[in-house]
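So the structure is just underneath, and the comments pick up after that.
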């Protein structure tokens with residue numbers, strides 16, 4: 001039986017599009033029950049609308065604390081019957097309010113080989129450090145920035161002459177493949193909730 005995903009976004013939504021396309025193609029036995037953006041007017045919301053997936057904007061700016069914001073996210077996701085949550089370019093640090101509500105069932109994609117280069121601007125960090133290989137990571141979410149057990153990683157070479165844009169483009173392509181593979185494994189039961 002298909003699992004119900006909630007997808008949290010903050011921007012362009014290319015990972016969301018990869019997920020929606022993979023579900024439509026039968027590569028992930030899931031449905032997206034709700035897309036939530038913390039920012040209005042982002043392209044990810046257009047992608048959800050085009051796919052006929054319900055979406056909502058819950059602005060972090062309209063809540064007095066991170067915990068209050070997270071409680072509103074939890075309420076919306078539960079109302080939509082969400083079982084697993086995918087953070088797909090969601091640029092907020094979640095609190096125990098959110099983590100406890102979906103314990104072991106929140107996954108994130110990050111554009112670096114964690115534990116290297118957590119946080120924002122991971123591609124710029126990789127270039128500044130002069131690494132020859134970077135990549136992307138899908139991991140379970142725990143308290144902290146890009147923290148939690150790693151589920152899968154994919155290496156991406158840093159090529160001579162790479163700038164942030166060219167490196168980001170290749171990492172994003174790898175993210176789209178890896179995130180879809182991990183979500184397919186979650187849906188099929190190959191990947192169990194963290195801690196089980």
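Here, each number is a calculation from the coordinates, and none is a lab measurement. This one's a predicted model, so the numbers in the text were calculated from it and none came from an experiment. Quick reminder, even Gly has a Cβ in these numbers, built from the backbone with ideal geometry, and neighbours come from all protein chains shown.
Here is how the numbers come out for the structure above:
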read-out	value
Tilt relative to the chain, helix 164-188 - C-alpha long axis, 0 to 90 degrees, to 10	40
Label-point separation in nm, residue 4 to residue 127, each point 7 Å along Cα→Cβ	4.3
Inter-label distance for residue 188 and residue 120, nm, one decimal - labels placed 7 Å from Cα along Cα-to-Cβ	3.8
Value of [θ]222 nm, deg cm²/dmol, for the chain, DSSP H segments ≥ 4, -39500 (n - 2.57) each, nearest 500	-11500 deg cm²/dmol
Extension gain, residue 43 back to residue 166 (0.36 nm per residue minus Cα-Cα distance, nm)	42.2 nm
Prolate/oblate/rounded call for region 38-90, Cα gyration tensor, a/c under 1.5 rounded	oblate
Taking the chain and dividing mean pair separation by its residue count, relative contact order in percent (alpha carbons under 8 Å, at least six apart)	21
For the chain, share of DSSP beta bridges that run antiparallel, in % to the nearest 5	40
Packing-based order for 156-168, 40-52, using average beta carbon neighbours within 10 Å, highest first	40-52, 156-168
For region 49-64 versus region 153-196, the gap between their alpha-carbon centres in whole angstrom	25
Helix axis angle, 66-79 relative to the chain longest principal axis, alpha carbon, degrees	60
